[in-house]
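K.L.:
Pasting in a structure now, in structure tokens, and then I'll have a few things to ask.
The values are calculated or read from the model by the stated rules, or taken from the named source; none is laboratory data. What you are looking at is a predicted structure, and each value in this text was computed from that prediction instead of being measured. Methodologically, a virtual Cβ is constructed for each residue, glycine included, from the backbone with ideal geometry; neighbour enumeration extends over all protein chains shown.
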Amino acid sequence: MSIVAQLLFACPYDTMGSRMKGMVFLSFSIRDLTIENKLVLAPMAGVSNNAFRVIVRQMGAGLVFAEMVSDKGLIYNNEKTIKLLHMTEDERPVAQQIFGSDLKTMVEAARFVEMNTNADIIDINMGCPVPKVAVRAQAGASLMKHPDRIFEIVKAVSEATKRPVTIKIRSGWDEHSINAVEVAKQAEAAGASMITVHGRTRAQGYTGQADWRVIKRVKEAVSIPVIGNGDVVDGKSAKQMLEETGCDAIMIGRAALGNPWIFKEIGQYLKDGTIIDRPSDQEIRDMMIRHLDSLIAMKGEHIALLEMRSHGPWYLKGMDHASSLRKVLSRTSKRDDFVVAVDTFFKIKV
Ligand SMILES: Cc1cc2nc3c(=O)[nH]c(=O)nc-3n(C[C@H](O)[C@H](O)[C@H](O)COP(=O)(O)O)c2cc1C
């Protein structure tokens, strides 16, 4: 790309002289919290734990979301739930997501997070489609059916904590009830400091395509920051979402699985339009071991190896002849065996 083309690409003004939406290299703010760039890691249950969040921050994400935790799990001191709150300074700013539908327990859970963690933001899950959350707990995406309930929860939680309270929603419950704009307005009126919109309905789950037009409509309807989410997979799609929707930042989920480099890749593309090289084999190998070791430090060898049975294959996605390694990793329960298998695959001498 020529110097002129690069300058034009990076210029916050388009050739018509009008201000381009979503100036990609700038920070944005959630209340008085400044986020250094527009790249956000999505909350992902079983993935977005402290080990992965630290990696992703170092790879260039400006803000990371911790996976959802149950309000009741927190207030009844469920050991597994409490462990999910583990955070460290080097990952901040970080948002802790909670889910639930009961006013009293949501308020108590938010207070618990405020008192026991350094989370910069308390986020409320209003998008989870899984039956355990959306049906049994009447939480997650099922709240989308009750905007008045959303108002009450956001108001009660915002009044109970000094931390910014944010929500993550879907476009609606199903295609007959696309109500993200109404929900967003209710949440803003109730005191929400930011809204993330995943452009799919609950009925869609993770199928089909995210409808970014809903994100645009929400952005136009509220004055608080809006994060766009759904189907950002590379620099091009990231830039497109920022420009098409005018959202303040973009959230990346599935495309970060086994690919924390995506934040570096998108950051570079948004800066000057260049597409950086994929990580080398050595970098992938080192990242796999680093990820494993961080998980071991957090959860012990047994659980860490079990979790790497998902992460391992994600790191190997698209690589030739990786099926034999995938098979080995699905049975490995010792760190040393994992390292030997990975090194043998990458033919790296240690
Ligand atoms: C494995 C997995 C776990 C997820 N867990 C959560 C969660 O805990 N809370 C939440 O709000 N969304 C959760 N999501 C949804 C993502 O945050 C995100 O909204 C969705 O994947 C769409 O973004 P993407 O197209 O970038 O993946 C999860 C998604 C995946 C794939």
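K.L.:
Hey, can you tell me all the residues within the stretch 216-244 that are within 12 Å of the ligand (Cβ to nearest atom), closer than 22 Å to residue 185 by Cα and either not polar (S, T, N, Q) or not assigned by TED's automatic domain parsing to the domain that holds residue 259 (or both)?
P.N.:
227, 228, 230, 241
K.L.:
Taking helices (runs of 4 or more DSSP H) that fall entirely within the stretch 248-350, which contain at least 1 residues that are at pLDDT 95 or above and among the acidic types (Asp, Glu)? Step through it out loud before you land on a result.
P.N.:
Numbers: elements: 262-272, 281-299, 301-315, 323-329, 335-346.
The qualifying helices (runs of 4 or more DSSP H) are 262-272, 281-299, 301-315, 335-346.
K.L.:
Regarding the stretch 111-118, can at least one residue be identified that is within 16 Å of the ligand (Cβ to nearest atom), assigned to a helix (DSSP H, G or I) and assigned by TED's automatic domain parsing to the domain that holds residue 205?
P.N.:
Yes, the stretch 111-118 has at least one match.
K.L.:
Using the structure shown, decide if residue 37 is away from the ligand (no atom under 14 Å from the Cβ) and in contact (Cβ under 8 Å) with a residue 12 or more places away in the chain.
P.N.:
yes
So that you can scan it fast, the table gives a plain yes or no per residue for (1) surrounded by 15 or more Cβ atoms within 10 Å (Cβ to Cβ); (2) outside the structural domain of residue 63 (by TED's automatic domain parsing):
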| site | (1), (2) |
| --- | --- |
| 246 | yes, no |
| 249 | yes, no |
| 265 | yes, no |
| 297 | no, yes |
| 302 | no, yes |
| 307 | yes, yes |
| 321 | no, yes |
| 329 | yes, yes |
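K.L.:
Tell me which residues, restricted to the stretch 62-72, are buried (at least 20 other Cβ atoms within 10 Å of the Cβ) and over 10 Å from the mean Cα position of the chain (by Cα).
P.N.:
Scanning the stretch 62-72 gives 68, 69, 70, 71.
K.L.:
In the stretch 42-66, which residues are farther than 17 Å from residue 303 by Cβ and out of contact with any helix residue (DSSP H, G or I) (no Cβ under 9 Å at 6 or more places or on another chain)?
P.N.:
Of everything in the stretch 42-66, just one residue is farther than 17 Å from residue 303 by Cβ and out of contact with any helix residue (DSSP H, G or I) (no Cβ under 9 Å at 6 or more places or on another chain), namely 43.
K.L.:
I'm checking my understanding of the structure. Among residues of the stretch 245-303 that are under 19 Å from the mean Cα position of the chain (by Cα) and among the basic types (Lys, Arg), which one is nearest to the ligand (Cβ to nearest atom)?
P.N.:
The qualifying residue nearest to the ligand (Cβ to nearest atom) is 254.
K.L.:
Got a sec? Which of 288, 251 is of a type in the set (A, V, I, L, M) and in contact with a strand residue (DSSP E or B) (Cβ under 6 Å, 6 or more places away or on another chain)? First the steps, then the outcome.
P.N.:
Details: 288 fails: in contact with a strand residue (DSSP E or B) (Cβ under 6 Å, 6 or more places away or on another chain).
One residue alone meets the criteria, 251.
K.L.:
Take the stretch 105-122 and flag every residue that is of a type in the set (S, T, N, Q) and closer than 15 Å to residue 77 by Cα.
P.N.:
105, 116, 117 - these are the residues of the stretch 105-122 that are of a type in the set (S, T, N, Q) and closer than 15 Å to residue 77 by Cα.
K.L.:
Regarding residue 56, is this residue farther than 19 Å from residue 241 by Cβ and crowded, with 21+ Cβ neighbours inside 10 Å?
P.N.:
Against the criterion (farther than 19 Å from residue 241 by Cβ and crowded, with 21+ Cβ neighbours inside 10 Å), residue 56 does not qualify.
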